[in-house]
Amino acid sequence: MFSKTCEYALRAMLFIGQKSKQGNKTGIREIAEGIDSPEYFIAKILQELSRKNLVRSLKGPTGGFYIDKQGMECTLADIVKVIDGDKIFLGCGLGLKECSEKKPCPIHYEFKKIRKEMHDMLKSAKLNEFNEQLERKLTFLKRV
């Protein structure tokens, strides 16, 4: 449902959030390895997330990417909106330009329910809520 860019953005933000909670900054290479993604792709994604103030960066030998306390309150929906926009929350399940209550596509009503549930879940899921599960290895950010 998400673009590949959005999938990487979500995983990268969760990874950086975990490192930030431990008081660490992390570099592109470590992020890419930690979430099993190409470095160049992550660099471009993080540049965009940084422009939107969802992630911070610090240059120099002790630098890297990190998420401050305010950023840890960011929701997964915030990240999705920055990368993929609102289309997943508002668009037609079949990709039609016009799909509405008055002119529905064949899956309009079912997709509308699913879309709302997904939006509600992503809107209520904050970055800081996933750290404990990741630390305890109950959830994962890369294929093993």
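Here are a few things to note about the model shown:
- Residue in region 35-66 that is most open to solvent (accessible area, probe 1.4 Å), counting only those that are on the phi > 0 side of the Ramachandran plot and within 17 Å of the chain's Cα centre (by Cα): N53
- The residues of region 86-144 include none that are over 18 Å from G34 (Cα atoms), of a type in the set (S, T, N, Q) and touching a Phe, Trp or Tyr at 6+ places or on another chain (Cβ under 8 Å).
- The requirement of being of a type in the set (A, V, I, L, M, F, W, C) and over 20 Å from N24 (Cβ atoms) is satisfied by L94.
- Checking each residue in region 87-119 for being open to solvent by 70 Å² or more (accessible area, probe 1.4 Å) and under 21 Å from the mean Cα position of the chain (by Cα) picks out K87, L90, I114, K116, E117.
- Qualifying positions in region 1-29 - crowded, with 18+ Cβ neighbours inside 10 Å and acidic (D, E): none
- Members of region 91-144 that are among the β-branched types (V, I, T) and farther than 28 Å from K69 by Cα: I107, I114, V144
- In summary, helices (runs of 4 or more DSSP H) completely within region 71-144 and bearing 3 or more residues that are aliphatic (A, V, I, L, M) occur at 76-84, 108-124.
- Residue tally, condition assigned to a helix (DSSP H, G or I) and in contact with a Lys or Arg (Cβ under 7 Å, 6 or more places away or on another chain), over region 20-49: 3
The values are calculated or read from the model by the stated rules, or taken from the named source; none is laboratory data. As the structure is a computational prediction, the values presented were derived from the model and not from experiment. We place every Cβ from the backbone using ideal geometry, glycine too, and count neighbours over all the protein chains shown. Areas reflect the complete protein model, heavy atoms only, side chains present, ligands, DNA and RNA absent. Shrake-Rupley method; radii C 1.70, N 1.55, O 1.52, S 1.80 Å.
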